Amino acid sequence: MAIGLLSAAVIAYQLALMQILAITQWHHFAYMVISVALLGFGAAGTCLSLLKKALTNRFDQAFPILMFLCGAAMAAGIGLSQHPAIRFDSYLLFAGDLHAGRLMMTYGLFFVPFCLAALAIGLAFTQYSHCIGILYCWNMTGSAAGGLIALGLMWIFPPGKIPAILAIIPFISGLMAVSRKPGAWIMITATLSLTCISAAILRPPTLVPSEFKSLSRAMQLPDAEMLLEKNSPYGFLQVFSSPALRYAPGLSLTYPETVPVRRAVFNNGDWVGPLMARQPENATSVMDFSTASLPYALEGRRSALVLNMSTGPHVVQAIHRGVDRITAVEPNPVLLALLETELSGEVDNLLKHPALTVKNTDSRTWLLTDPLFYDLIVLPTIDTFGGTSGLNAIQEHYLFTKEAFGDVLRKLTPKGVLSIICWMDYPPRHTLKILSTIVESLAERGIDNPGNVIAAVRSWGTITFMVKKTPFTPEEIQNIREFCRKLSFDPALLPDIQSLERAFFNVLLDDLFFNALDQLLSPNRAEFIAAYDFNIDPSTDDRPYFAQFLRWKSLPNLVDHFGQQTVPFFEIGYLVVFLTLFQTSLAAVVLMIIPLFHKTGPSHGRTRIFFYFSGIGIGYIFVEMAMIQRFGLYFGNTLHAVATVISAMLMASGMGSYASARLTSSRIKSSVVLAGIILLLLVDSVFLTPLLLKTIGFSPLNKFLFSLLIIFPAAFLMGIPFPAGIAMLREKSQGEIPWAWGINGCFSVISTALATIIAVEAGFTAVMFCAAIAYTWTLAADRLYRRVLYLF
């Protein structure tokens, strides 16, 4: 029972760290958290192999002490990581060595509880190896339950308190393991643990978001005040107020009135939207003086679909413009509940308007399951005012992929339009990538002259793209020009655009932006995209990293134009992955490989051990990371995907490990298992995404059950090779077991960040293929010799 509870706490703590990093930084950093957790487990294995005799001789004391210390480390780690001397900022990681060092210290703080927990679990496995099956079953069952525990706590407690709540679980595990006559060290560590946990619960640490996040900048406004806070697996929602906060994105300079003050909602410190009340029918609306009102310059907007409605500004605009039937999709149930209850007065009971139907589901899910068609479909605004320096580069955006645009175009009526608002950026990246994705999606639908069906209008700060399925008529083109003249906007794209009208009201320094737009509409767009300094290739469901613009071959050109110190700030988000890969790889070698390198044993067999166990380490983590990304689209929520994938894989692999002794009693069966893994991975790489898209309309419970069914077969078999290899070593060369453990752990740590890099560069399918290759060289190491590892 103690092992099961401790295992649950470990997995739940991983998810809690992901949420906290999403709040304090710019991303959930799932790859980093998983990497640090694996680093802790690998280092614990090394420590256990070096200190096995000392620890097992003092098992009755060491086992509970390790769990008490784990609880203390969980409770204290978050508070220490927020200390000014340790707290890092992603934006400043490449501004000097200071924050890179702080990131390494943060690894250390997060590493400690994982290492202590793994050491306790490994010590129990060693001490009670005669009943390893039961212990391993509790280990895997507890791990599977950990994901559900974390998601449940996120509905109840604020994010800063959750690690301390979770720390209670290792403390209880330690109490369960204490003998009838505990020694002084047990009493001391139990008291220390209880003190740390109590202090963290009574005075939870304040989570300090990056100073460059939207909320941090908003808090600098006069009389800034936080009115309401709600936590859930969908994020940490905060309602903000300041008399200086006014919402008017790219507002026309012809707006005749004072821009009204708005309260606003932030999620994980990032901008969600303003709280806007419905306007009287004849009142002047701020939204009508923005480029977002472009679709209403055309006639016939009787039905509208607003995807990721957030707080509903585009819904308010649609109501104000007299749209008869409005469907709004919002995946965050907590936000919808707030708009319907505590914030209903702020939005004038918006959700109860008779023309509005609200759907609480993921936008891609709704596009694939909704039977209706619409005259207008509005996508959420791309990027933020001032940009994010590429900090969202590794965040998945499944609503801005080529496939998503295809889904949107299919939902339009014959005269319907798609509207996308984007903040202008320099150098141009977001605007060009959204256009290249639109054009490619149109080309796949047989529309070879995209310039006839795309219009774009820009202000000083925003640009709105409008896409039709049929060419714009002369009357519609004239209405767009009249819209621009009235509001002092400039057309950027029209079927008969003239160069002089593109910068009549809002002048740019040069024509490079307009030339790029024209190139993307030309037959030579592929050559232009390939030659452009930034990656503006259309994003896809297989590579949904819309905000990843880094192109390695262009770095010399960017350095020449902008300077060596400036370039990293274009694409910090992706560069952080490489920094994480370097730092965690270095830590893995230092903590796992070097201490074991001089262990006694026949060195001639280590090459074969290397290939066998490195293949397992790489393959397993690659599959886990690829599954997390693919199920992110399926569930529409990263934390739900992480919880489901990790829990399901650990449970299935635990069952596979338990059955490994019978299934691998002969070499033929061992090879069959590895061949089965390779075959299943190849099948998943081809058919998994289409299958998930076919069933994306299932209820949340059915999605979870279906996910277990999909994940189980491969994960079950993937749980067999490691214990089978260890069992063979135990028979033939027991002294090399620590070396095998270290190799497996080291490559598991490296693979988390490496899988993310491969996914960004080549896609999730490539990650799965790489996993199959890794298991292939494990199979080769198994088959080329008469024994699994040694040739005797």
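The values are calculated or read from the model by the stated rules, or taken from the named source; none is laboratory data. The shown structure was predicted, so the numbers you read here are calculated from the model rather than taken from an experiment. Cβ: placed from backbone, ideal geometry, glycine included. Neighbour counts: every protein chain shown. Surface accessibility is based on the protein's heavy atoms, side chains included, excluding ligands, DNA and RNA. Shrake-Rupley method; radii C 1.70, N 1.55, O 1.52, S 1.80 Å.
In the range 86-106 there is no residue that is surrounded by fewer than 15 Cβ atoms within 10 Å (Cβ to Cβ), among the β-branched types (Val, Ile, Thr) and outside any helix (DSSP H, G or I). Scanning the range 541-571 for residues that are at pLDDT 90 or above and either open to solvent by 30 Å² or more (accessible area, probe 1.4 Å) or not in a loop (DSSP other than H, G, I, E, B) (or both) yields a count of 2. Scanning the range 481-501 for residues that are surrounded by 22 or more Cβ atoms within 10 Å (Cβ to Cβ) and more than 38 Å from the chain's Cα centre (by Cα) turns up 484, 487.
Yes/no matrix, rows are residues, columns are (1) closer than 26 Å to residue 759 by Cβ; (2) touching a helix residue (DSSP H, G or I) at 6+ places or on another chain (Cβ under 6 Å):
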site: 439; (1), (2): yes, yes
site: 456; (1), (2): no, no
site: 470; (1), (2): no, no
site: 499; (1), (2): no, no
site: 503; (1), (2): no, no
site: 508; (1), (2): no, no
site: 518; (1), (2): no, no
site: 523; (1), (2): no, no
site: 543; (1), (2): yes, no
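Looking at the structure I just gave you, is residue 125 under 30 Å from residue 212 (Cα atoms), of a type in the set (Phe, Trp, Tyr), open to solvent by 10 Å² or more (accessible area, probe 1.4 Å) and at pLDDT 80 or above? When the stated conditions are applied, residue 125 does not pass them.
Exactly one residue among 17, 5, 38 is within 22 Å of residue 617 (Cβ to Cβ), part of a helix (DSSP H, G or I), touching a residue at least 24 places away in the same chain (Cβ under 8 Å) and open to solvent by 10 Å² or more (accessible area, probe 1.4 Å), and that residue is 38. One residue stands out in the range 41-59 among those that are crowded, with 24+ Cβ neighbours inside 10 Å and aliphatic (A, V, I, L, M): the one that is nearest to residue 181 (Cα to Cα), namely 44.
Residue-by-condition table, conditions (1) assigned to a loop (DSSP other than H, G, I, E, B); (2) farther than 24 Å from residue 383 by Cβ; (3) out of contact with any strand residue (DSSP E or B) (no Cβ under 6 Å at 6 or more places or on another chain); (4) in contact (Cβ under 8 Å) with a residue 24 or more places away in the chain:
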{"position": "250", "(1), (2), (3), (4)": "yes, no, no, yes"}
{"position": "257", "(1), (2), (3), (4)": "yes, yes, yes, yes"}
{"position": "274", "(1), (2), (3), (4)": "no, no, no, yes"}
{"position": "277", "(1), (2), (3), (4)": "yes, yes, yes, yes"}
{"position": "306", "(1), (2), (3), (4)": "no, no, no, yes"}
{"position": "314", "(1), (2), (3), (4)": "no, no, no, yes"}
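Answer yes if at least one residue in the range 432-450 is under 28 Å from the mean Cα position of the chain (by Cα), under 22 Å from residue 528 (Cα atoms) and open to solvent by 30 Å² or more (accessible area, probe 1.4 Å), and no otherwise. Yes - at least one qualifying residue is present in the range 432-450.
Only one of the listed residues (772, 755) is surrounded by fewer than 24 Cβ atoms within 10 Å (Cβ to Cβ), among the small types (Gly, Ala, Ser), in contact with a helix residue (DSSP H, G or I) (Cβ under 6 Å, 6 or more places away or on another chain) and modelled with pLDDT of 90 or more. That residue is 772.
Inspection of the range 201-213 identifies at least one residue that is out of contact with any strand residue (DSSP E or B) (no Cβ under 7 Å at 6 or more places or on another chain), farther than 21 Å from residue 99 by Cβ and outside any loop (DSSP other than H, G, I, E, B).
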